[in-house]
Amino acid sequence: MHTIRVIPCLDVNNGRVVKGVNFVNLRDAGDPVECAVAYDRAGADEVVFLDITASSDGRDTVVDMVREVAKKLFIPFTVGGGIRTVDDFKVILREGADKVAVNSAAIKRPELIREAAEKFGSQCVVVAIDAKRREANDGWNIYLNGGRVDTGIDALKWAKQAESLGAGEILLTSMDCDGTKAGFDVELTRTIADAVNIPVIASGGAGTLDHFVEAVKQGHADAVLAASLFHFKELEIKEVKQYMRDNDIDVRL
Amino acid sequence: MIAIIDYDAGNIKSVEKALQSLGEEVIITRDESVLLLADKVILPGVGAFGDAMERLNEYGLISVIKKIVENKTPFLGICLGLQLLFDSSEEAPGVKGLGILPGKIVRFPSDRGLKIPQIGWNSLTQPNKGRLFKGIDDGEFVYFVHSYYLMAEDMSDVVATTEYGVTVHASVERDNIFACQFHPEKSSDVGLKILKNFIDL
């Protein structure tokens, strides 16, 4: 019985866990290793670390973090944020991360996806997409730099291109929904999930138990991700999974 | 002491750290004399079948692995490390695998409406009780990441299966040879128990 994954995301700045609401206001809330291990105990299927450290000096802290996390965490984890080169992939994977998520750098130079997939395998290349509904309401564009810059590129087109270049998974965040707790963008999720043959992780907007069920049943997501909701224990991972199971979604409990 | 075969495959550290967390002494090496002296040997692996066989060949590890197996040293293949033990893979037509166990590696069919690779947790069924599965019930979940899967020739080798559109032979055991398609080092408590069972052999 293959199961739908429930994935908590930890935003990390200079080696400390924070959570941005709509990517702007940050709250400091703990040690990444402890948080990740606690999530494993709480029933998380994977953990995603999003490094938002701005300074290049601070970049080394993420490598130290990966090394420490890998000693204690025995479920898969993904590291994203600020990944620019195949060498960045190598360093993160070598220290024990299972997957690397790449966003802006892949938009600027799509070949990075192919190079990383050829070198390390598609299974560890996650393409993170920040998508926002166009004003004409006829689709979604992808955004650069944590959602600040509209590229004008269509999200569906980009997702398909990422797949053909060798991405193993898509981490799809709705910029419209992120931080609102009003629910995932089900239409966006379904549009992308139905168009590609690689798993899609739905992200952005989770606020209630029903939202997770909607993302899977209507959005066709292969995995669901949330950050602050789990981090501030507004919902427990087990509670989410139990509710999904009660709604006939296969989960690991 | 457990030796992990170093042939530039990914995720070697994860296996090392999981074993260390269980209090085991681990060495990552491709040195023949060290590998032949180890109490147990693990062949890890993430990546492509063809590349991996090329690396094993380049480092002279094919004959070393065959010696380890002949010496009856407990040997565990993980993920690609399982696939390499068999005869061939659709991922690399024409490339011979180690051929230590009979069977072939095939690609998931694309017409079942399932995402490829299979990424995620799937439950195990145990057609034969394996030594690595002591204390592990049917229905327990482990973590898989793969696009190709094993069709073993001899069902008596198969100790765990999982369903993903097709029946995947998820773990095999024969004499001193053990292998898992899933990642025990990434399968939380269940996975650590499997590794502990290997350590305790």
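What order do B:70, B:54 take when sorted by accessible area (1.4 Å probe), most exposed first? Display every interim value, and only then the final one.
Numbers: B:70 135, B:54 105 Å².
Ranking B:70, B:54 by accessible area, largest first, yields B:70, B:54.
Dipole size of the range A:58-135 about its Cα centre, with +1 on Lys/Arg Cβ and -1 on Asp/Glu Cβ: approximately 180 debye, rounded to the nearest 20.
Label point of residue A:1 set 7 angstrom out along Cα-Cβ; within the range B:131-148, amide nitrogens under 17 Å from it belong to B:137-144.
Per residue, the convex hull around the alpha carbon atoms of the range A:172-225 comes to 57 Å³. Accessible surface ranking for A:228, B:187, B:110, A:122, 1.4 angstrom probe, highest first: B:110, A:122, A:228, B:187.
Write down Rg/Rh for the range A:114-176, rounded to two decimals, with Rg from the C-alpha atoms and Rh from the Kirkwood relation over Cα pairs. The Rg/Rh ratio comes out at 1.02. Distance between the 7 Å Cα→Cβ label points at residue A:187 and residue B:90: 3.8 nm.
Solvent-accessible surface of chain B, averaged per residue with a 1.4 angstrom probe and all protein chains in place: 37 square angstrom.
Whenever you get a sec, compute what percent of the accessible area on chain B sits on carbon and sulfur atoms (1.4 Å probe). Heavy-atom surface of chain B belonging to carbon and sulfur, 1.4 Å probe: 46 percent.
Simple point charges give the picture: +1 on the Cβ of Lys and Arg, -1 on the Cβ of Asp and Glu, and for the range B:119-169 a dipole about the Cα centre of about 160 debye. Structural size metrics of the range B:18-85, computed from C-alpha coordinates, are Rg and Dmax of 12.0, 34 Å. Our analysis of chain A gives Rg over Rh at 0.93, with the two radii drawn from alpha carbon positions and Rh computed by the Kirkwood formula.
Viscosity 0.890 mPa s, temperature 25 °C: what is the translational diffusion coefficient of the range B:86-140 from Stokes-Einstein with a Kirkwood Rh over Cα pairs, rounded to a whole number of µm²/s? Translational D for this selection: 173 µm²/s. The accessible-area ordering, largest first, of the residues B:156, A:104 stands as B:156, A:104, per a 1.4 angstrom probe. Each part gets one Cα centre, and for the range A:175-253 versus the range B:8-68 those centres are 38 Å apart. For the pair the range A:88-118 and the range B:151-201, the centres of their Cα atoms are 29 angstrom apart. For the range A:66-145, the Kirkwood radius over C-alpha pairs fed into Stokes-Einstein at 37 °C and 0.692 mPa s yields D = 242 µm² per second. The simple spin-label model puts a point 7 Å past each Cα toward its Cβ; for residue A:234 and residue B:59 those points are separated by 4.8 nm. Size descriptors for the range B:46-201 (Cα atoms only): Rg and Dmax, in that order, 14.7, 44 Å.
About its Cα centre, the dipole of the range A:66-216 is roughly 540 debye, where the only charges are +1 on Lys and Arg Cβ and -1 on Asp and Glu Cβ.
Since only B:201, B:170, B:4 are under comparison, the one whose Cα sits farthest along the positive direction of the charge dipole of chain B, derived from C-beta charges on Lys, Arg, Asp and Glu, is B:170. Over the protein assembly as shown, the fraction of Cα-Cα pairs per 20 Å bin, rounded to whole percents and listed from the shortest bin up, is 26, 58, 15, 0. Per residue, the convex hull spanned by the Cα atoms of the range B:133-201 measures out at 93 cubic angstrom. Extension gain, residue A:115-residue A:145: 0.36 nm per intervening residue step, less the Cα-Cα distance, totals 8.7 nm.
What whole-number volume per residue, in cubic angstrom, does the convex hull of the C-alpha atoms of the range A:42-105 give? Before the final figure, lay out the partial values.
On the way: hull volume 5.3 nm³, N = 64.
Residue-normalised Cα hull volume stands at 83 Å³.
Only alpha carbons enter this Debye calculation for the range A:116-233, each as an equal point scatterer, and the log10 of I(q)/I(0) it gives at q = 0.14, 0.17, 0.23 Å⁻¹ is -0.54, -0.79, -1.32. Carbon-plus-sulfur fraction of the accessible area of chain A, 1.4 Å probe, in percent? Result for chain A: 47 percent of the exposed heavy-atom area is carbon or sulfur.
If you average over every viewing direction, what projected area does the convex hull of the Cα atoms of the range B:1-122 give, in nm²? Could the numbers behind the result be given before it?
Numbers: hull surface 33.0 nm².
For the range B:1-122, averaging the hull's shadow over all directions gives 8.3 nm².
In the structure displayed, which of A:132/A:241; B:17/B:129; B:13/B:193 lie more than 24 Å apart, Cα to Cα? In this structure, A:132/A:241; B:17/B:129 exceed 24 Å between Cα atoms.
With 28 Å as the limit, the listed pairs A:157/A:233; B:40/B:104; B:96/B:196; B:72/B:104 have A:157/A:233; B:96/B:196 beyond it between alpha carbons.
The values are calculated or read from the model by the stated rules, or taken from the named source; none is laboratory data. Owing to the predicted nature of the structure, the values given are computational and were not obtained by experimental measurement. In this analysis, Cβ positions are derived from the backbone assuming ideal geometry, glycine residues included, and neighbour counts consider all displayed protein chains. Calculation scope for accessible area: heavy atoms of the full protein, side chains included, ligands and nucleic acids excluded. Shrake-Rupley method; radii C 1.70, N 1.55, O 1.52, S 1.80 Å.
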